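What follows is calculated from the coordinates using simple rules that are stated; it is not laboratory data. Everything quoted here is computed from the prediction, not taken from an experiment. Reconstructed Cβ throughout: ideal geometry from the backbone, glycine too, with neighbour counts over all protein chains shown.
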């Protein structure tokens, strides 16, 4: 089966491509570097020829609300139109747990993307994921103020990108869900706790302060905002296994 992975050269996308190829699929990595631009439509007819499935892992270079909303609306519309012409049967996107509850411009833009997919009339699957373990460092950097890292003391259930890629690849190779499924890591931490633990493992001396007013994608957080809202499939990679593999 030919499966085109938009954003197939990125952190998750490259692993999805490898997973699919290992299971005998013709997985094609599509990105601006490979001549495919979903914002302009360049390369879409050619790369989608003969494809049965498209996985959209693209992301906006800017997280400003107007920019990211325009990105997802334009990119998704171009993709869905091109897929309809090419006869693609299944559209898969990776979204974010809590995106419809967190008061953030980026999250609202992800909901715009989800709604376009739901209204497309073709087969579709939406996987909502918790945050990746790989982003703990950037979360700390974003929360730093005058040398102190401010993190909301809420529950946090991070997932390794390898597990995300496995779930995405399995979904792409299967029957369309025509629904939303949630995925998460196998362990729940305090958000400030896991950031503190991660920085300590890197011999990073920055203080991590539990701060209820600290924001995430520009939004203050309720306690359950970053954990699955219903039943979720859980990854296999624990924090310690992931950290050890990082070296």
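Can you tell me the FRET efficiency between residue 49 and residue 122 if r is taken as the Cβ-Cβ distance and R0 is 25 Å, rounded to the nearest 0.05?
My answer for the efficiency is 0.90.
Can you order the peptides 58-70, 26-38, 89-101 by their average number of other Cβ atoms within 10 Å per residue, highest first?
89-101, 26-38, 58-70
Note the direction-averaged projected area, equal to a quarter of the hull surface, for the Cα convex hull of the range 120-247, in nm².
Mean projected area of the Cα convex hull: 8.8 nm².
On a full-extension model of 0.36 nm per residue, what is the gain between residue 84 and residue 215, subtracting their alpha-carbon distance, rounded to one decimal in nm?
43.2 nm
In µm²/s, what is D for the range 11-113 at 10 °C and 1.306 mPa s, where D = kT/(6 pi eta Rh) by Stokes-Einstein and Rh is the Kirkwood radius from Cα pairs?
Stokes-Einstein gives a translational diffusion coefficient of 110 µm²/s.
Roughly how many whole Å is it from the C-alpha centroid of the range 126-145 to that of the range 39-63?
25 Å
In nanometres, what is the gap between the two model label sites at residue 142 and residue 26, each 7 Å from Cα along Cα-to-Cβ?
3.8 nm
Springs between alpha-carbon pairs under 10 angstrom, Gaussian network model over the chain: which of 139, 126, 159 fluctuates most?
The residue that fluctuates most here is 139.
Work out Dmax and Rg for the range 185-225 from the C-alpha atoms and quote the Rg first, both in angstrom.
Both quantities, over Cα of the range 185-225: 11.5, 30 Å.
What distance in nm lies between label points placed 7 Å from Cα along the C-beta direction at residue 223 and residue 188?
Output for this residue pair reads 0.9 nm.
Taking every DSSP beta bridge that has both residues in the range 2-246, what percent is antiparallel when rounded to the nearest 5?
Close to 15 percent.
What is the list of residues in the range 88-132 whose amide nitrogen lies under 19 Å from a point 7 angstrom out from the Cα of residue 65, following Cα to Cβ?
Those under the cut-off are 96, 98-116.
Quote the FRET efficiency, to the nearest 0.05, computed for residue 240 versus residue 74 with a Förster distance R0 of 35 Å and r equal to the Cβ-Cβ distance.
For R0 = 35 Å, the calculated efficiency reads 0.25.
Given a Förster distance of 30 angstrom, what is the FRET efficiency for residue 103 paired with residue 204, based on the Cβ-Cβ distance and rounded to 0.05?
Result of the calculation: an efficiency of 0.50.
Would you kindly state how much longer the chain becomes between residue 34 and residue 115 on full extension, computed as 0.36 nm times their sequence separation minus their alpha carbon distance, in nm to one decimal?
26.4 nm
Just to compare against my own numbers: the Cα pair-distance distribution for the chain, 10 Å bins, whole % per bin, please.
For the chain, the binned pair fractions read 7, 31, 35, 20, 6, 0 percent.
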